[in-house]
1. What is the order of A:Asp99, B:Asp27, fewest Cβ neighbours within 10 Å to most?
2. Under the definition of partner shielding as Cβ atoms of other protein chains within 10 Å of a residue Cβ, what is the mean value for peptide B:42-52?
3. Which ³J(HN,Hα) values in Hz, rounded to whole numbers, follow from the phi angles of segment A:53-67 under the Karplus curve 6.51 cos²θ - 1.76 cosθ + 1.60, where θ = phi - 60° and Gly and Pro get x?
4. Can you list the trypsin sites (Lys or Arg not before Pro) in segment A:9-114 that are in a DSSP coil and have 13 or fewer other beta carbons within 10 angstrom?
5. Report, in debye and to the nearest 20, how large the dipole of the protein assembly as shown comes out about its Cα centre when Lys and Arg carry +1 and Asp and Glu carry -1 on their Cβ.
6. Only sites in a loop by DSSP and with at most 16 other Cβ atoms within 10 Å count here; which trypsin sites (Lys or Arg not before Pro) in segment B:6-73 make the cut?
7. Amide H neighbours of A:Gly101 under 5 Å, at least 5 residues apart or on other chains, H built in the peptide plane: list them.
8. What size of dipole, in debye to the nearest 20, comes out for chain A about its Cα centre when the only charges are +1 on Lys and Arg C-beta atoms and -1 on Asp and Glu C-beta atoms?
Amino acid sequence: NAGVTQTPKFRILKIGQSMTLQCAQDMNHNYMYWYRQDPGMGLKLIYYSVGAGITDKGEVPNGYNVSRSTTEDFPLRLELAAPSQTSVYFCASNAGVWDTGELFFGEGSRLTVL
Amino acid sequence: KQEVTQIPAALSVPEGENLVLNCSFTDSAIYNLQWFRQDPGKGLTSLLLIQSSQREQTSGRLNASLDKSSGRSTLYIAASQPGDSATYLCAVFEEGYSTLTFGKGTMLLVSP
């Protein structure tokens, strides 16, 4: 009963490097989301997807890209990492309005950009 | 645009007290409201989900209520314990939208 799985859990990047945060869910959810949470701050939506092949920007998409080639996977790519991208990243999923809409989160990926 | 407000931002109580956390939202056309718990350095765990047609949900010592017409939800924690110390967030899933709107959370500290 894996739920939402994120990898890696921790990563240190140098300024200008790129990387991909992986997210996979095994609940056959159509909707998937990427959030970032800065210390002492609330969650901010980066990107979301309502199904395979469909993605849309949230409130803070700059510096990130996503793709959704399958229902299960929703990777988040950071291009040219900057110190401002130091944060904890959470992936989440739900079935949207075709079910209860309950949102499930992964355990998070803590990223430091130096 | 939907706005979700949680009051208070922080709360400190002695063990054993019953307490209420508040969540208000500006647009009552919601599909559901969900309460989460977040421990320091950890992810978010779903506590209770209330559908728009429901008035309350209960799980153990937790009871969440929903008043859509007034745009309010409360999370009641009975007989609080130090293990309840965490940040509690509420989120609404608005009708016609694909994303949830989160409050900034209430940080709860229960002292032994």
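1. A:Asp99, B:Asp27
2. 4
3. Values per residue, Gly and Pro as x: x, 10, 9, 8, 6, x, 8, 9, x, 5, x, 10, 9, 9, 8 Hz.
4. Answer by residue number: A:Lys9, A:Lys14.
5. Charge dipole, the protein assembly as shown, about its Cα centre: 540 debye, nearest 20.
6. Counting only loop positions with at most 16 other Cβ atoms within 10 Å, the trypsin sites (Lys or Arg not before Pro) in segment B:6-73 are B:Lys42, B:Arg55, B:Arg61.
7. Correct list: A:Ala95, A:Gly96.
8. Its charge dipole is roughly 480 debye.
Any read-out appearing in this document is the output of simple, stated calculations on the displayed coordinates, not a laboratory observation. All of these numbers come straight from a predicted model, not from anything done at the bench. Cβ: placed from backbone, ideal geometry, glycine included. Neighbour counts: every protein chain shown.
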